[in-house]
Amino acid sequence: MVKNSFISVISQEENKGSVEFQVFSFTNKIRRLTSHLELHKKDYLSQRGLRKILGKRQRLLAYLSKKNRVRYKELIGQLDIRERKTR
């Protein structure tokens, strides 16, 4: 139920163009595609789409971590995403 409370917080406070909302919607798409691919292992087009969305989310998270580290930490904590590896 953590996700549902997070949805209401984001939709009330922020616009759909904010980094948080975009990362949140990409995360939902990723979870949906992942469960789809567990059933349909040979759906290569969906695998490609999943990789593209993962890359977009990774770039947005990298941007957010550079601009505002506190918001980044809050977001990955709420969405239960692992922190990206630093080189």
Inset, instruction - Filter region 38-68 down to residues that are of a type in the set (S, T, N, Q) and assigned to a helix (DSSP H, G or I) and give me whichever is nearest to residue 84 (Cα to Cα). - result: 58
Legend entry - Among (1) open to solvent by 60 Å² or more (accessible area, probe 1.4 Å); (2) at pLDDT 95 or above, the one test that residue 87 misses: (2)
Inset, instruction - Could you grab me the full set of residues in region 68-82 that are among the basic types (Lys, Arg), free of Cβ contacts under 8 Å to residues at least 24 places away in the same chain and open to solvent by less than 100 Å² (accessible area, probe 1.4 Å)? - result: 73
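The values are calculated or read from the model by the stated rules, or taken from the named source; none is laboratory data. Just so we're clear, the structure is a prediction, and the values are computed from it rather than from any experiment. With ideal geometry, Cβ positions are generated from the backbone for all residues, glycine too; neighbour counts draw on all protein chains shown. SASA here: full protein model, heavy atoms, side chains in, ligands and nucleic acids out. Shrake-Rupley method; radii C 1.70, N 1.55, O 1.52, S 1.80 Å.
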